[in-house]
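What follows is a short report on a single structure.
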Amino acid sequence: MPPSISTRAFIQWLPNAPSEPTSTLVLTSTARTFVDIRIPLEALHLPENTNPSHVEWAFAGRSTSHATDGKHLSQWHHWVDSTTIKPEDVVDKGEMLEEDAETGLVLEKGEMVNPATGVLTGYVEGWREGEVCVVPVPGKEVVRGFYEELRARGVRVGGGRAGVASGGELESRALETASSRLSVVLRHEDPARRSRGMVIRLGQHCQGVMRVGEEFAYERWEWSREDGWRRTALSGQLSMPCDVLTILGEEMCTDTTVTYGNEDDLTWRCVEVERFQGHSLSHHTTC
């Protein structure tokens, strides 16, 4: 399956009426790695939101699907979760129905823990699939300047085509192009520190989640023609390399590492990269 950008139109916790109290965005790679962030609408426009409670639910992991008895069943295996330090225990599964021709929504029904009650509850969700936009690639001078900024901050980027990080010349065929459709996944895990994190950039969106012990954080970034890349939501005190993917996404390969963090540097590894040319995606446009 191709990567997808999904926004939620409504959720109905049965037997209640449907509503949409959040801004919910899910980025999913071709390998079915996902980051799902659900921000209460009242918290969405807080520019310096550092309160971890300003999220209804945020999690990352990998999804699986299979067909049985004529039904298309999906399960989301949580690897990082805002609600628990044991994400593997979360039950999150549902049946995916065909897209409704009238509304354009894909319906999902099943059962999962209602974050408001902590109780496993039946639900119906309506999802809208978004377009993966073409995003201009930063010029060489922008990239070089950003590398200098990262070095000043103590951030280290190695491997892949990140030649400047080791003092060499920048070697990037990507910078020879004017724009790209890109899917990149960075992953962090350090059992000794009880830390995990996932960041995904897909087209014009980038978002990440991270947990270190009892602390949790998320970030959401969006690109627009008017503003370029801009962080649109933030919660928690932990640092994650979303900004690196917005500028250096085209520099990433699956051997790239990013050492990034607060007081203790944490290593993130690029585990997925996919570049789309021509008509590789069913939905694509220039935003």
Note to self: Can you go through G104, G145, G154, G122 and tell me which one is at pLDDT 85 or above, more than 23 Å from T33 (Cβ to Cβ), in the same structural domain as S29 (by TED's automatic domain parsing) and out of contact with any strand residue (DSSP E or B) (no Cβ under 6 Å at 6 or more places or on another chain)?
What the structure shows: G104
Notebook entry, point to check: Is there any pair with a first residue in segment 69-84 that is without any contact (Cβ under 8 Å) to a residue 40 or more places away in the chain and a second that is hydroxyl-bearing (S, T, Y) and outside any strand (DSSP E or B) whose Cβ atoms are under 9 Å apart and which are 6 or more apart or on different chains, and what are they?
Noted result: H78/T84
Checklist line | So R144, is it among the basic types (K, R) and outside any helix (DSSP H, G or I) | finding: no
Item checked: The listed residue being farther than 23 Å from V124 by Cβ and either hydrophobic (A, V, I, L, M, F, W, C) or assigned by TED's automatic domain parsing to the domain that holds G203 (or both), out of I11, I85 -> I85
Note to self: Given the options E226, E251, E215, E222, name the one that is more than 24 Å from M1 (Cα to Cα) and either in contact with a Lys or Arg (Cβ under 7 Å, 6 or more places away or on another chain) or buried (at least 21 other Cβ atoms within 10 Å of the Cβ) (or both).
What the structure shows: E251
Note to self: If the requirement is being out of contact with any Cys (no Cβ under 7 Å at 6 or more places or on another chain) and in contact (Cβ under 8 Å) with a residue 40 or more places away in the chain, which of these qualifies: G203, G208, G197?
What the structure shows: G197
Checklist line | When residues of segment 104-146 are limited to those that are free of Cβ contacts under 8 Å to residues at least 60 places away in the same chain and closer than 22 Å to L182 by Cα, the one surrounded by the fewest Cβ atoms within 10 Å (Cβ to Cβ) | finding: E141
Check: Of these, D69, D89, which one is surrounded by fewer than 11 Cβ atoms within 10 Å (Cβ to Cβ) and at pLDDT 90 or above?
Finding: D89
Next item on the list: Would you tally the residues in segment 13-38 being over 20 Å from H72 (Cα atoms) and surrounded by fewer than 17 Cβ atoms within 10 Å (Cβ to Cβ)?
Entry: 8
Next item on the list: Could you list, in sequence order, all residues of segment 229-238 that are crowded, with 19+ Cβ neighbours inside 10 Å and part of a loop (DSSP other than H, G, I, E, B)?
Entry: G236, L238
Check: Does M198 satisfy the condition of being part of a strand (DSSP E or B) and within 16 Å of the chain's Cα centre (by Cα)?
Finding: yes
Check: Considering only residues of segment 178-200 that are surrounded by 19 or more Cβ atoms within 10 Å (Cβ to Cβ) and farther than 21 Å from D265 by Cβ, which is modelled with the lowest pLDDT?
Finding: R181
Next item on the list: Mind counting the residues in segment 1-34 that are modelled with pLDDT of 95 or more, β-branched (V, I, T) and closer than 18 Å to E131 by Cβ?
Entry: 5
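The values are calculated or read from the model by the stated rules, or taken from the named source; none is laboratory data. Note that the structure is a prediction, hence the values are computed from the model and not measured. Here the Cβ is made from the backbone with ideal geometry for all residues, glycine too, and neighbour counts use every protein chain on show.
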